[in-house]
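K.L.:
Sharing a structure, written as structure tokens. Questions coming.
The values are calculated or read from the model by the stated rules, or taken from the named source; none is laboratory data. For clarity, every value in this text was computed on a predicted model and none was experimentally measured. Using ideal geometry, Cβ is built from the backbone for each residue, glycine included, and neighbour counts are taken over all protein chains shown. Just the protein is used for accessible areas: all its heavy atoms, side chains included, with ligands, DNA and RNA removed. Shrake-Rupley method; radii C 1.70, N 1.55, O 1.52, S 1.80 Å.
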Amino acid sequence: MSDDGAAAPAGPLERLLLVQQHDTEADQLRHRLNALPERARLDAKMAEITAIEATVAQLSERRDAIRRDLKRLEDEVATVEARRAETDAKLYGGAVNAARELQALQDELASLKRRQTSLEDDELELMEAAEPLDADLQRLATEQAAADHDATALTAALAEAETSVSADLERALAARAVDIEGIDDDLVAEYERLRRELGGVAVARLAGTSCGGCHLSLSAVEVDRIRRTPAGAMVHCEECGRILVH
């Protein structure tokens, strides 16, 4: 400490410990950013919406098929009705007098009536089949509207959470940039290599006889050797290989 009470500048290894703290914080923030609960809730909601949309597509396809069948039946009923009207006009128009021809017209009229009744029964059956589909589609439309509303709110909440965590990450990286400035390139390269190999923690403090990185106790001989090493010299933990600061 100088005469005016100001602390001496931290050595490169002490500053490297600060860099490690910033990197650890940044790693934690990145993990937090990727594992935000808002993201999981939004993903779940989007999966729900996808499932609803798939069900709607299936039911709509069935409902459209029924509509096509109904249109075909309606057209056929209209054709039968036209033929009945034409046959009825011939039967009662007075142009046909022969008993055999009149009987044939009556038979045709009866056949057309039976055909129309059958077609109308088929129409009724299809309309009855469509009713539950229409009800399900209406219910799903309500559910989808609510899910879309929830997804919008969750998207906003996720964006807010991402902004907050990203701001913390930017601050950690800015502090890292300040503390790593001026540290020897070889020391930084060794630090970065060990970070890649050792799960992100490359440098730790010697706490008593234990490595602050792997938390294993070192031999008394090793601890004595490290203590005798000149301040600022780079030493490694004999157990895990991390840089040790003493």
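K.L.:
For the chain, which whole percent of the accessible surface, found with a 1.4 angstrom probe, sits on carbon and sulfur atoms?
P.N.:
53 percent
K.L.:
Charges at C-beta only: +1 for Lys and Arg, -1 for Asp and Glu. How large is the resulting dipole of the chain about its Cα centre, in Debye rounded to 20?
P.N.:
That gives a dipole near 420 debye.
K.L.:
Starting from the Cα of E160, step 7 Å along the direction of its Cβ; do the same at T55; then give the gap between the two resulting points in nm.
P.N.:
So the label points at E160 and T55 sit 3.0 nm apart.
K.L.:
So which helices of the chain fit the span-like rule, where a helix is a whole DSSP H run, its Cα atoms reach 30 Å or more along the axis, and its mean Kyte-Doolittle is at least -1.0?
P.N.:
Passing helices, by number: 12-34, 37-92, 99-180.
K.L.:
Farthest toward the dipole's positive end in region 111-157, which of A145, A135, Q116, given Cβ charges of +1 (Lys, Arg) and -1 (Asp, Glu) about the Cα centre?
P.N.:
Q116
K.L.:
Translational diffusion coefficient, Stokes-Einstein: compute it for the chain using the Kirkwood radius over C-alpha pairs as Rh, at 10 °C and 1.306 mPa s, and state it as an integer in µm² s⁻¹.
P.N.:
Estimated diffusion coefficient is 60 µm²/s.
K.L.:
Indicate the gyration tensor shape class of region 180-246 (rounded, prolate or oblate), computed on the Cα atoms with a ≥ b ≥ c the square roots of the eigenvalues: a/c under 1.5 is rounded; otherwise a/b larger than b/c is prolate and the rest oblate.
P.N.:
Cα axes put region 180-246 in the oblate bin.
K.L.:
Based on Cβ point charges of +1 for Lys and Arg and -1 for Asp and Glu, what charge dipole magnitude is obtained for region 75-153 about its Cα centre, in debye rounded to the nearest 20?
P.N.:
With Lys and Arg at +1 and Asp and Glu at -1, about 760 debye.
K.L.:
Further question on the same structure: If you take the beta carbon distance between H31 and R225 as r and set R0 to 35 Å, what does 1/(1 + (r/R0)^6) give as a FRET efficiency, to the nearest 0.05?
P.N.:
0.45
K.L.:
Using the Cα atoms of region 40-141, I'd like the radius of gyration and the largest Cα-Cα distance, Dmax, both in angstrom.
P.N.:
Rg then Dmax for region 40-141, in Å: 23.3, 84.
K.L.:
When the distances between all Cα atoms of region 112-246 are binned every 5 Å from zero, what whole-number percent does each bin get?
P.N.:
Pairs per bin, as whole percents: 2, 8, 10, 10, 9, 7, 6, 5, 5, 4, 4, 4, 4, 4, 4, 3, 3, 3, 3, 2, 1, 1, 0.
K.L.:
Between S111 and R139, what length comes free when the chain is fully extended (0.36 nm per residue of separation minus the Cα-Cα distance, one decimal in nm)?
P.N.:
Gain on stretching S111 to R139: 5.8 nm.
K.L.:
For a quick check: with amide H placed at 1.01 Å from N, whose amide H comes under 5 Å from H236's, ignoring anything fewer than 5 positions away on the same chain?
P.N.:
Residues meeting the criterion, in which the H sits 1.01 Å from N, are L244.
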